[in-house]
Amino acid sequence: MVRDSININDFIVLVEEANTDKELIDSCRFDEPLIAVAFYGSGNVHLRMQHKNATHDYDNTKGLALSFFADTTVDCIHTISPEKPLQCLLIATAPKNLEKLPNGEGELFTELLGKLAKPDAPYVEGPRFYMTPEMEHIIDNVFSNTYEGKAKMMFFRSQVTALLSHFFWELSQLKTEDFSKVERDKLYKAKEILSENLDEPPSLTELSRLIGLNTFRLKKDFKKLFGVPVFKYLQNERMERAHELLRHKKATVQEAAWHVGYDSLSSFSNAFAKKYGFRPSEVKGV
């Protein structure tokens, strides 16, 4: 388990990453009440926010941007497994700091996350949505950076600023209409099926049948909810999983290709280079 805590002005930035060979439960509490936004990278790790006898569970967390208020009685519990490693970047500030934040940042928090600024419970869930490709790219950069010392601080400051800018812009653009819980659950299920079958994914027709949603609605609503078309999401998942395997030295280039469904090494290498700008053989391990 790697956990870095960095203070940037009045923000607390918590970077958590964990890979494990067996199931691992990690629980923590905040030292003071905080308004926070958690951004999740690869892994689909399970999150439970628990206070007294009340629980809030989150599955399918990969790519999720989740805003919330939590006081010192709330347990933040991640269930980490070999198939679901943890990558979480949390940006938080105390409600008392909102008026002191520079450049109008406090006004953004108050305007777009108003109920979090005046919470009526130990845990209050705010808006949540799946990140845009640009936001996911920032998260990838954070978890693959190799900077140290002052350079690392400068890098984190720039990434946090960019990520919050994207978050509040997307939040301001969200439409008031939403999917029903049943429709949303079906789309989450489709995302989970794709993530768990990278080597042999179902066809669009098969996927529609598995979740009980017709092909037209699946294509239209999947893109609306997750920001990318179905098979663009699948392609991104394949490349990110391969990158993770190579970065952590869990597979050779050929093995990584097989693991994400590529029989042709050249096709895999070309697709990888198109996404990342370098060949899989050039990935630096950690």
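The values are calculated or read from the model by the stated rules, or taken from the named source; none is laboratory data. Since this is a predicted model, take the numbers as computed values, not measurements. All Cβ positions, glycine included, derive from the backbone under ideal geometry; neighbour counts span all protein chains shown.
For the stretch 69-97, what are the residues that are of a type in the set (D, E) and at pLDDT 90 or above? Reasoning before the result, please.
Within the stretch 69-97, the subset of a type in the set (D, E) is 71, 75, 83.
Correct list: D71, D75.
Would you check if there is a residue in the stretch 98-118 being part of a helix (DSSP H, G or I) and at pLDDT 90 or above?
Taking the stretch 98-118 as the starting set, the residues that turn out to be part of a helix (DSSP H, G or I) are 98-100, 105-112, 114-117.
Remaining after also requiring at pLDDT 90 or above: 116.
Yes, the stretch 98-118 contains a residue that is part of a helix (DSSP H, G or I) and at pLDDT 90 or above.
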Mind counting the residues in the stretch 246-282 that are touching a Ser or Thr at 6+ places or on another chain (Cβ under 9 Å) and either over 26 Å from E134 (Cα atoms) or of a type in the set (A, V, I, L, M) (or both)?
3
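Got a sec? Which strands (runs of 3 or more DSSP E) wholly within the stretch 1-89 have at least 2 residues that are on the phi < 0 side of the Ramachandran plot and touching a helix residue (DSSP H, G or I) at 6+ places or on another chain (Cβ under 8 Å)? Walk me through it before giving the result.
Values: elements: 2-8, 11-18, 24-28, 34-40, 46-51, 54-58, 64-70, 75-80.
Once the strands (runs of 3 or more DSSP E) in the stretch 1-89 are filtered for at least 2 residues that are on the phi < 0 side of the Ramachandran plot and touching a helix residue (DSSP H, G or I) at 6+ places or on another chain (Cβ under 8 Å), what remains is 2-8, 11-18, 34-40, 64-70.
With the structure loaded, tell me whether T161 is in the same structural domain as A256 (by TED's automatic domain parsing), polar (S, T, N, Q) and surrounded by fewer than 19 Cβ atoms within 10 Å (Cβ to Cβ) or whether it fails that test.
Details: in the same structural domain as A256 (by TED's automatic domain parsing): no; polar (S, T, N, Q): yes; surrounded by fewer than 19 Cβ atoms within 10 Å (Cβ to Cβ): yes.
No.
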Cβ pairs under 9 Å, 6+ apart or interchain, first in the stretch 3-23 and within 17 Å of P33 (Cβ to Cβ) and at pLDDT below 90, second small (G, A, S) and assigned to a strand (DSSP E or B), ordered by first then second residue, are F11/A92
Output the residues belonging to the stretch 224-251 that are of a type in the set (A, V, I, L, M, F, W, C) and in a loop (DSSP other than H, G, I, E, B).
V228, A251
Are any residues in the stretch 237-281 within 25 Å of the chain's Cα centre (by Cα), farther than 21 Å from P85 by Cα and charged (D, E, K, R), and if so, which ones?
K274, K275, R279
Within the stretch 246-286, considering residues that are buried (at least 16 other Cβ atoms within 10 Å of the Cβ) and aliphatic (A, V, I, L, M), the one nearest to L234 (Cα to Cα)
V260
Among (1) surrounded by fewer than 18 Cβ atoms within 10 Å (Cβ to Cβ); (2) closer than 20 Å to A18 by Cβ, which single condition is A92 missing?
(1)
Residues being closer than 17 Å to G106 by Cα and aliphatic (A, V, I, L, M): count how many of those fall in the stretch 149-165.
4
If you go through the stretch 119-149, how many residues are modelled with pLDDT under 90, among the hydrophobic types (A, V, I, L, M, F, W, C) and part of a loop (DSSP other than H, G, I, E, B)?
1
